[in-house]
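Coordinate-derived values only; no laboratory data. Remember, it's a predicted structure, so these values are computed and weren't measured experimentally. Every residue, glycine among them, receives a Cβ derived from its backbone with ideal geometry; neighbour counts consider all protein chains shown.
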Amino acid sequence: MDLIDGNQIAAAIIAELKAEVGALSGRPPCIALVRVGEDPASVSYVKKKEKTAAEIGVTSRVILPPISITEPELFKLIDELNADATVDGILVQSPLPKHIAEVAVFRRVAPEKDVDGFNTLNLGKVAQEDETGFVACTPAGIMELLARSGVDLKGKHVVVLGRSLIVGKPVALLALQKKAGANGTVTICHSATSNLPAITRQADVLIAAIGRADFVTAAMVKPGVIVIDVGINRVPDATKKTGYRLTGDVKFDEVAPLAAKITPVPGGVGPMTVAMLMKNTVKAYRLRQRAPA
């Protein structure tokens, strides 16, 4: 079993971006990070993104509207950032308060600044294999993990467990693309799939993004499978100072002995998401520099 080290691969990408940004002339790339309210996980995620941006040399502008902000007020803020020539990328941190429609917010961010990759136009560009679009950060990170671990999906059966717009659907589209490292044969499974273990046992590569702790067991995989565990679940654990432990969607201790390669949780897919956000921000900067005034 080969452990795929997301921390190590993310660090390599960050070092590459730092060198790239250091060689730029003029102002550095800039990302606006919009965090609504004080959700503890969101606070932690935005701090991590801010820290990584600083390490690379990307300017981050953190904007903290109150949780009481209305949807029209948030749209107005996004419109202002869309029009700001000094901002290259915009990320609105999820989750948003219940009175704000997340999909509407994703659509409001200008496609050319949508470094989170959730705007309708960018999702369409992924389907059309248009390289000028932005790929959602977690799916992009999964593909990078596989590529840098020497995994070529050509001819492999890729089973995606989960159909969300954030991970499942875009990663399936990426694995299908006619390009080096992709060309996989993809099956998407979800909560309404019949006889799920029979399908997951066919996977050469299993991408688990269902959001259920320890869901994938040894009985659901075949020997030699490559497992990408996207899940980050908090499970109560009185032995931990936090009162919980982090676990993925895969029952690691059971599945790892059967796997050829597997990502741990934490330290697998998670670090890649932030690295790919920064990669998208630098890409947005370069595309905007080339665009006609």
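Derived scalar couplings between HN and Hα for the stretch 87-98 equal 9, 9, x, 10, 10, 9, 5, 8, x, 9, x, 4 Hz in order, rounded to whole Hz, by the Karplus curve 6.51 cos²θ - 1.76 cosθ + 1.60 (θ = phi - 60°), x for Gly and Pro. Using the Cα centre of the stretch 40-125 as origin and beta-carbon charges of +1 (Lys, Arg) and -1 (Asp, Glu), tell me which of 67, 109, 78 is placed farthest towards the positive end of the dipole. About the Cα centre, the residue reaching furthest to the positive side is 67. Using only side-chain charges placed at the Cβ, +1 for Lys and Arg and -1 for Asp and Glu, the dipole size of the stretch 7-117 relative to its Cα centre rounds to 220 debye. The percentage of C-alpha pairs in the stretch 26-71 whose separation is greater than 18 Å is 34%.
Pairs from the list 178/251; 51/241; 76/113 with a Cα-Cα gap above 22 Å: 178/251; 51/241.
Recomputing P(r) over Cα pairs in 10 Å bins from 0, in percent from the coordinates shown identifies the correct label among [x] 6, 27, 37, 24, 5, 1, 0; [y] 6, 24, 32, 24, 12, 2, 0; [z] 6, 27, 34, 24, 8, 1 as [z]. Sorting the segments 55-64, 147-156 by their residues' average number of neighbouring beta-carbon atoms within 10 angstrom, most packed first, yields 55-64, 147-156.
For a quick protection proxy, order the peptides 250-259, 158-167 by their average other-Cβ count within 10 Å, most packed first. Mind dumping the intermediate values first?
Details: 250-259: 18.2, 158-167: 22.7.
Highest to lowest by the protection proxy: 158-167, 250-259.
Rounded to whole numbers, the Karplus 3J(HN,Hα) couplings from phi for the stretch 223-228 are x, x, 5, 9, 10, 10 Hz, using 6.51 cos²θ - 1.76 cosθ + 1.60 with θ = phi - 60°, and x at Gly and Pro.
If you bin all the Cα-Cα distances of the stretch 81-240 at 5 Å, starting from zero, the percentages per bin are 2, 8, 16, 19, 18, 14, 11, 7, 3, 1, 0. Rounded to the nearest 20, the size of the Cβ-charge dipole of the stretch 209-292 about its Cα centre is 620 debye, with Lys and Arg at +1 and Asp and Glu at -1. Beta bridges per DSSP, both residues in the chain: antiparallel share near 15 percent.
Treat every Asp and Glu Cβ in the chain as -1 and every Lys and Arg Cβ as +1, leave all other atoms uncharged, and give the resulting dipole magnitude about the Cα centre to the nearest 20 debye.
It comes to approximately 140 debye.
Dipole of the chain computed with +1 at Lys/Arg Cβ and -1 at Asp/Glu Cβ about the Cα centre; of 193, 285, 213, farthest Cα towards the positive end is 193.
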